[in-house]
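Beneath this line is the structure, given in structure tokens, with notes to follow.
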Amino acid sequence: MTGENRFDAMFSSVMGQEYQMLNLICPFATEMSRLVGEIVGNYCEEQGTPQAVVELGGGTGITTLAILTAADNLSILSVDNEPTMQNQAKQSLRDWVAAGRLRFSGEDALTALQGLASNSVDILASAYTLHNFHSDYRRQVLAEIYRVLKPGGKFVNGDRYALDDISAHTRSIQREVGGYFKVLTEINRLDLLEHWIVHLFNDESENQVMRESVALAQMAEAGFRDIELQQRMEVNALVTALK
């Protein structure tokens, strides 16, 4: 996933090499990628004209593929500064590249966005990326997303949005960790278990956790309108907004 330099190596080891394991320990992730693709596809079909999509944190291409197959009138610039993961996407999605529907950027999210012209992007889509950012960096990214979107352009993010109810959120995280242990100990992957638990501590740290009310307020401060949080599944939720 894209992010600040200090997080660049987060998925460079075994987590990035076997990121598909997330589907086993967090089945909501696959559904969220599908939903992001569906929302993007519906928007593109409504517009009718060719649509420029920027995807932040393309990773191994799970969400990228969901978007590409959702509508015929879109092309994607997929941004991710972790080569371990992006190289997997380049391999599995090479036919889309050859067809001129997909390009890749290896820059971090903020740098990639800063290189784009204002009002030049129809849709900004992402899944499980923004929650990896330090809160200050995330605020800058949201401001840049707003800047590069065309008036009426859409922001679609399927991600970890921490519950405002701290007790309910804690119970959800406890269930999540229990799932990690159940799945990964059964297949004797204690190495992955260690990495995902350490990563979860990053997600839940005070200066990084993406709390629902705070995150939506940041979007409003950046200028977004019609902000909606929908399709919540435990700590996972789909957020959409318009410029």
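To one decimal place, what orientation-averaged projected area in nm² is obtained for the convex hull of the Cα set of the stretch 110-243?
Working: hull surface 34.3 nm².
Averaged projected area of the stretch 110-243's Cα convex hull equals 8.6 nm².
Quick check on the chain: helices-only [θ] at 222 nm, where DSSP H runs of length 4 and up contribute -39,500 (n - 2.57) each and the sum goes over total residues. Nearest 500, please. Present the calculation step by step, with values, prior to reporting the outcome.
Values: 11 runs with 117 residues, N = 243.
Mean residue ellipticity, 222 nm, calculated: -14500 deg cm²/dmol.
Test of understanding: in a Gaussian network model of the chain with alpha carbons linked when under 10 Å, which of T84, T170, T129 would top the mean-square fluctuation ranking?
In this elastic network of the chain, the residue with the biggest mean-square fluctuation among T84, T170, T129 is T170.
Once you treat every alpha carbon in the stretch 199-243 as an equal point and sum by Debye, what is log10 I(q)/I(0) at q = 0.33 Å⁻¹?
Results for the stretch 199-243 at q = 0.33 Å⁻¹ read -1.14.
Taking the Cβ of S118 as the centre, find all other residues whose Cβ is under 15 Å away and add up their charges (Lys, Arg: +1; Asp, Glu: -1).
Numbers: positive: R147, K150, K243; negative: D122, E144.
Counting the neighbours of S118, the net charge comes to +1.
With Cβ to Cβ distances under 12 Å as the rule, what net charge do the other residues near T63 carry (K, R +1; D, E -1)? Spell out each step's value before the answer.
Numbers: positive: R34; negative: E31, E38, E55, D80, D159.
Neighbourhood net charge equals -4.
Quick check for you: with a 1.4 Å probe and neighbouring chains kept, what is the accessible area per residue of the chain, in Å²?
Details: 10390 Å² over 243 residues.
That works out to 43 Å² for each residue.
First select every other residue whose beta carbon is under 15 angstrom from the beta carbon of K243; then total the charges, Lys and Arg +1, Asp and Glu -1. Intermediate values should be presented prior to the final figure.
Values: positive: R147, K150, K154, R225; negative: D122, E144, E221, D226, E228.
Surrounding charge for K243 is -1.
Given a 1.4 angstrom probe, I'd like the percentage of the accessible area of the chain that is carbon and sulfur, rounded to a whole number. If you can, show how the numbers build up before the last one.
Working: 5350 of 10390 Å².
Taking all protein chains in place, the chain shows 51 percent carbon and sulfur surface.
Quick one: helix 166-186 against the long Cα principal axis of the chain, what's the angle to the nearest 10°, folded into 0 to 90?
Relative to the chain, helix 166-186 is tipped by roughly 70 degrees.
Give a residue-ordered list of calculated ³J(HN,Hα) values for the stretch 126-131 (Karplus: 6.51 cos²θ - 1.76 cosθ + 1.60, θ = phi - 60°; whole Hz; x for Gly, Pro).
7, 9, 6, 10, 4, 5
Cα-based Rg (one decimal) and Dmax (whole number) for the stretch 65-110, in Å?
Calculated on Cα positions, Rg and Dmax stand at 10.6, 29 Å.
Can you compute the charge dipole magnitude of the chain about its Cα centre, using +1 on each Lys and Arg Cβ and -1 on each Asp and Glu Cβ, nothing else charged? Give it in debye, rounded to the nearest 20. Don't skip to the end; give the middle numbers.
Details: 20 positive and 32 negative charges, 67 e Å.
Dipole of the chain, to the nearest 20 debye: 320 debye.
Pull out a ≥ b ≥ c, the square roots of the eigenvalues of the alpha-carbon gyration tensor of the stretch 44-126, then state rounded if a/c is under 1.5, prolate if not and a/b is larger than b/c, and oblate in the remaining case. Intermediate values should be presented prior to the final figure.
Details: a/c = 2.02, a/b = 1.16, b/c = 1.75.
Because a/c hits 1.5 or more and a/b fails to exceed b/c, the stretch 44-126 counts as oblate.
Specify the angular offset, from 0 to 90 degrees and rounded to the nearest 10, of the alpha carbon long axis of helix 83-92 from the longest principal axis of the alpha carbons in the chain.
For helix 83-92, the angle is close to 60 degrees.
In Å, what is the Rg of the alpha-carbon atoms in the chain, and how long is Dmax?
16.9, 50
The values are calculated or read from the model by the stated rules, or taken from the named source; none is laboratory data. All values reported here derive from a predicted model rather than from experimental measurement. Please note: Cβ atoms are built from the backbone with ideal geometry, for glycine as well, and neighbour counts cover all protein chains shown. Side chains are part of the model used for accessible areas, which takes the heavy atoms of the whole protein and leaves out ligands, DNA and RNA. Shrake-Rupley method; radii C 1.70, N 1.55, O 1.52, S 1.80 Å.
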